[in-house]
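The values are calculated or read from the model by the stated rules, or taken from the named source; none is laboratory data. This is a predicted model, so every value here is computed, not measured. Note: ideal-geometry Cβ built from the backbone for every residue, glycine included; neighbour counts use all protein chains shown. The accessibility values were calculated without ligands, DNA or RNA, using every heavy atom of the protein model including side chains. Shrake-Rupley method; radii C 1.70, N 1.55, O 1.52, S 1.80 Å.
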Amino acid sequence: MLKVLKKILLIFARLFGINIEHYLSLKYLPKFIIDRKKWLEKGGKIDTYSVCLKDYKDNAGTLNGEYFHQDLLVANLIFNHNPNRHIDIGSRIDGFVAHVASFREIEIFDIRPNIKSSHKNIITNKLDIMQSKYTNISDSISCLHSLEHFGLGRYSDTIDINGHIKGLENMIQMLKKKGRLYLSIPVSQKDKNVFNQ
């Protein structure tokens with residue numbers, strides 16, 4: 001019963017942007033203080049602090065899950081296909097885009113502001129794909145776990161109950177004849193709408 005109650009509390013807090021796990025990491029504050037003391041006793045110098053308490057028990061990342069595997073799979077498909085121009089729409093920059101940029105140029109089209117890159121293989125463009133009028137511009141487009149967000153307002157996009165349909169239609173319009181579209185979306189056994197996902 002206590003586990004269920006804790007899970008409900010965590011979910012409820014997340015609805016309001018509160019990360020309770022972050023506050024629970026305060027239990028590691030004594031370890032931080034002891035480690036700091038040891039550092040100074042050994043002659044270490046501290047110019048500023050970065051208190052990262054949750055990292056004491058955190059793992060190094062995940063080597064499983066849909067994002068991990070889709071990013072590697074689609075990056076490998078693009079590597080093997082070697083298109084003339086590859087455009088990505090809204091996929092993870094720190095995963096998929098980074099994988100592709102390690103071996104070729106990739107253009108990002110994203111609605112979010114301040115998407116800028118200093119990497120020579122990453123070209124950034126701000127675009128609301130639901131409003132795009134581009135046609136026939138690329139032989140390869142990816143949109144990994146992004147389409148399901150279109151029109152929900154989460155990324156300051158326009159609220160549009162048909163946003164995912166408009167986005168998909170516009171991506172298809174952007175493709176050249178015989179172009180490839182790499183698309184992934186979540187799949188559920190039940191048909192459901194998750195607002196602001």
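Within region 179-197, the set of residues being part of a loop (DSSP other than H, G, I, E, B) and more than 22 Å from the chain's Cα centre (by Cα) comprises Gln189, Lys190, Asp191.
Scanning region 133-149 for residues that are open to solvent by 20 Å² or more (accessible area, probe 1.4 Å) and in contact with a helix residue (DSSP H, G or I) (Cβ under 6 Å, 6 or more places away or on another chain) turns up Tyr134, Thr135, Ile137. Here region 150-178 is the region considered, the condition is being among the β-branched types (Val, Ile, Thr) and outside any helix (DSSP H, G or I), and the residue that is surrounded by the most Cβ atoms within 10 Å (Cβ to Cβ) is Thr158.
Return the residues of region 179-197 that are open to solvent by 100 Å² or more (accessible area, probe 1.4 Å) and either closer than 17 Å to Lys133 by Cα or without any contact (Cβ under 8 Å) to a residue 12 or more places away in the chain (or both); say none if nothing qualifies. Scanning region 179-197 gives Val187, Gln189, Lys190, Asp191, Lys192, Asn193.
Every test in (1) under 20 Å from the mean Cα position of the chain (by Cα); (2) modelled with pLDDT of 90 or more is passed by Asp139 save one, and that test is (1).
Within region 85-110, being in contact with a strand residue (DSSP E or B) (Cβ under 6 Å, 6 or more places away or on another chain) and within 17 Å of Asp128 (Cα to Cα) holds for Ile87, Asp88, Ile89, Gly90, Ser91, Glu107, Ile108, Phe109.
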